[in-house]
Amino acid sequence: MAGKTKKPKLLVTGCNGLLGQKVVELAKPQFWIAGADLQDKPLGSVNEYITLDISQQEAVRDAVEKISPTSIVNTAAMTNVDACERERDLAWQVNVEGVRFLLEASQKTGCSLIQISSDYVFDGEEGPYGEDAPPNPSGYYGLTKMESERVLVGNQTPWAVVRTNVLYGWARGVRLNFVLWVRSHLLAGQYIRTAIDQYGNPTLADNLAEGVLSIVRAHRQGIYHIAGLDYLSRWAFAMKIADVFKLNKELIVPVVSAQLSQRAPRPHWGGLKTDRIVKEQGISMIGVQAGLEILKGQIPPEQLEVP
Ligand SMILES: NC(=O)c1ccc[n+]([C@@H]2O[C@H](COP(=O)([O-])OP(=O)(O)OC[C@H]3O[C@@H](n4cnc5c(N)ncnc54)[C@H](OP(=O)(O)O)[C@@H]3O)[C@@H](O)[C@H]2O)c1
């Protein structure tokens, strides 16, 4: 079946994650899609699915050779920043070596590679950051993301790095992102503590997927920042979430980061400037009010009242 298609072939690694599912959904009309992830089955509708651990060199090589994609979008990563501090070898193997193996396979088959990175490559002292700001990660997750970028920069193989931050959205079976975490606690009537000193520009996964695919289609290369329109603290974001879902704001307790005892350091002034993607690709970045309304509309009615 793959041989009969005239559509360009897209391989989405991490296709069962939040961004992976959004990329698959949005790319469907234009691309023949192969999805790859750790689980036995795909969560979205892909043309072909492969169970693949990107930290396994041979498996990556075989999968990419078999599919022979035009482009790979790598959304797979160890994304739990506190777990990355604890399990450093695993974080390195997935977030850095996995990207190296994808690059090697891309070089062999001649496809482009788009890697998703993070504002955690910066130290969070003076965000929001532009693409040319010097990386200086303060945690291990950020370090692995910076190294994943270094795997690609300067290569002959067409590559792009897309950095984002505070990703949120709704999709089947994904881990709780900030919005879903806040919503589930408030729905259950539980207090939550949120930082007044951690700033970023929250990014709707659908909006990020749109930007990523525009880069794939236009064969753009280099580093791009794709992030939401509004710059605000986690506490202010939680208050917005309560507003949109009509939940009890009194359960949201403002605290400073030091009171949260988070294992990995969090950026105080994180976030990303998006002038480049907006100017070059004409993408409109979505603010939190509109983003939350879109997310709310995607939750199946029977799950709207379920924490
Ligand atoms: N979430 C954020 O706020 C944020 C911010 C900045 C950048 N990013 C970056 O954006 C990208 C997408 O994030 P996301 O929130 O969509 O992540 P996600 O929901 O955690 O999805 C990642 C997917 O990759 C899979 N995966 C993990 N290890 C793998 C491996 N060794 N081989 C193959 N698949 C593997 C995960 O499976 P399991 O669920 O079974 O582990 C999951 O299905 C990541 O590169 C992330 O670092 C995220």
Inset, instruction - Order these peptides, 293-299, 90-96, 283-289, by their mean beta-carbon neighbour count within 10 angstrom, highest first. - result: 90-96, 283-289, 293-299
Legend entry - Per residue accessible area in Å² of the chain, where ligands, DNA and RNA are left out and the probe is 1.4 Å: 45
Legend entry - Heavy-atom accessible surface of segment 188-243: percent carbon and sulfur, 1.4 Å: 50
Legend entry - Segments 29-40, 184-195, 203-214, 225-236 sorted - mean Cβ within 10 Å per residue, highest first: 203-214, 225-236, 29-40, 184-195
Inset, instruction - Collect residues whose amide H, placed 1.01 Å from N in the peptide plane, falls under 5 Å from the amide H of D123; neighbours closer than 5 in sequence don't count. - result: N136
Legend entry - Cα principal axis extents for the chain, largest first, Å: 57, 44, 39
Legend entry - Carbon + sulfur, % of accessible area of segment 86-166 - ligands and nucleic acids excluded, 1.4 Å: 45
Legend entry - Principal semi-axes in Å for segment 92-237 [√(5λ), Cα gyration tensor, largest first]: 29, 17, 15
Legend entry - Cβ-based net charge around D119, under 13 Å, with every Lys or Arg adding one and every Asp or Glu removing one: -1
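The values are calculated or read from the model by the stated rules, or taken from the named source; none is laboratory data. Just so it is clear, the model here is predicted, and its values are computed rather than measured. Here the Cβ is made from the backbone with ideal geometry for all residues, glycine too, and neighbour counts use every protein chain on show. Ligands, DNA and RNA are excluded from the accessible area calculation, which covers all protein heavy atoms including side chains. Shrake-Rupley method; radii C 1.70, N 1.55, O 1.52, S 1.80 Å.
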